[in-house]
Amino acid sequence: MENNSIISGDKPTVMVTNDDGIEGPGLLALVQVLVSTRRYNVLVCAPESYSAVSHCITWRHPIAAKQVHIDGATAYAVSGSPADCASLGISKTLFPSVPDLVISGINMGSNCGYHIVYSGTVAGAREAFLNGVPAISVSYDWVGAKSSINDFTLAAEACLPIINGVLAELRNKTYPQNCFLNIDLPANIANHKGYKLTKQGKSLIKMGWRQVTSESDKAAGKMLSTMVMETDSTASTEINASATSAEHLLFTREIRSGQVDEDDSDHRSLQEGYITVTPLGALSNVEIDCHAYLKEWLPNAAERLSASAL
């Protein structure tokens, strides 16, 4: 897909989606900052409410889109996932043209390492990328009792150089077509250490389950839009055991352990205070040593299976 507005010199069109819902503070801050520059036509196509839904799509029934008011933007709230919103927004069905750039975010919580698999924020950008539209996913490393809503505005402002740089490369037709960008901004965004190109690491918060009974504490820590658990939040998720049948067993997630990442990865650099910029693709390629091993293993396994069948 291609929108010729940016090539002809007109204002570029930027479409914003997210994972936290159209009333999410990160999305509203991003839109406000984009609009305030007066450099873009701003569209919004975002879920009514969603969180950590990865790349799920709606298939079996129609989705609804309702126009809502966001100053300076043309905005729709959609009863679908972030991937649904990205797909609909670039389809020329909801809006009259294809946007020059899709930005998904700003997410409340980082999206690094293996957590990218769970991220609806990243999925919104990935869906645009799969359909040939340049895209960026943006997440802020929210820390309970330290971060504030105002940090989203600082995060959005910190993204402007990258957004402008991508649009400039698109105008010159020099921007690479085989990746999209995942940006994570550190908790102390006001004092960030600059921009750092990183690779997706293997950081992971390992989750477990515990059974919840009517006699136990039914309040779980607030789960942010990633797999990050904000255990010190005053806003907790109440589990209403009385609303379920006695035949039902209730379970809630809990953090078991964390997996530390290697140097120069997205998560490690983010924790060091950098704004991380990580190029991503849509392929899930296995590491070379696994492929080499299986290249020898598969013929032997197939031969053994054929022999045993006889």
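Structure above, values below:
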read-out	value
Counted charge near G208, where neighbours are those whose Cβ lies closer than 15 Å (Asp, Glu -1; Lys, Arg +1)	+3
Protection-proxy order for peptides 110-117, 136-143, each taking the mean of Cβ atoms within 10 Å per residue, highest first	136-143, 110-117
Peptides ranked, highest mean first, by Cβ atoms within 10 Å: ranges 281-292, 86-97, 124-135, 192-203	124-135, 86-97, 192-203, 281-292
Net charge of neighbours whose Cβ lies under 14 Å from the Cβ of N164, counting Lys and Arg as +1 and Asp and Glu as -1	+1
Estimated FRET transfer efficiency (M207, E296; beta-carbon r; R0 45 Å; 0.05)	0.80
Segment 1-156: C-alpha pair distances exceeding 18 Å, %	53
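Any read-out appearing in this document is the output of simple, stated calculations on the displayed coordinates, not a laboratory observation. Quick caveat, the model's predicted, so the values are computed rather than measured. Don't worry about glycine lacking a Cβ; one is built from the backbone with ideal geometry, like all the others, and counts go over all protein chains shown.
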